[in-house]
Amino acid sequence: MKADVNTLTHLFWDYNKKYFGNVLPTPYIELFDMPGKIARFEYHKNGNKAKKPIRDQIIYFSKTYEFNENTMRDVMVHEMIHYYIAWNRIKDNGSHGRKFWRMAMDFNEKYGLNIQILLGTPLPDKPPCFFNKILGFVTRWYGSHTTTCKDEEYKVTRSQSNKVTK
């Protein structure tokens, strides 16, 4: 299914309540057409003494990408983790830094999500673990991954699954 603002807004409300304790104010939701991008989160910082840490929050979703329900959920929660980190003034060592990945891995484990980082356009002939393996990210989904991954070249091994620490 293609993303639309109404559906995305309702998903934001649902996931805000389910995964984030309803702490995130509703952002602007917009569709965009940027080659190689599925979604992104943007905002402007307020000063340290400002009551609200950020303003002009926008979650963008690709208007050309065909999402299935799980992918749309995982991508929305991925962008909401960025939002949560910014809203709570959490310092991290990059946009997909350690704190981001700790939250993503915890959500993957606790709620059965599949939050990942994809650089560029997803490659239809590569499994999702391809991106994690080439980037050196190995999440704690080792058990289910080994039984579902069909690509021996990119299958994550037990020794690689131990690289990630909580």
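Just so it is clear, none of the values below were taken in a lab; they were calculated from the coordinates. Note that the coordinates shown come from a computational prediction; the quantities given were computed from them, not determined experimentally.
Here segment 60-110 has an Rg and Dmax of 12.0, 33 Å, counting Cα atoms alone.
Once divided by 2.2 N^0.38 Å, the Cα radius of gyration of segment 1-40 becomes 1.28.
Across segment 5-100, Cα-Cα distances exceeding 15 Å account for 61% of all pairs.
Between segment 78-104 and segment 27-46, the C-alpha centres lie 16 angstrom from each other.
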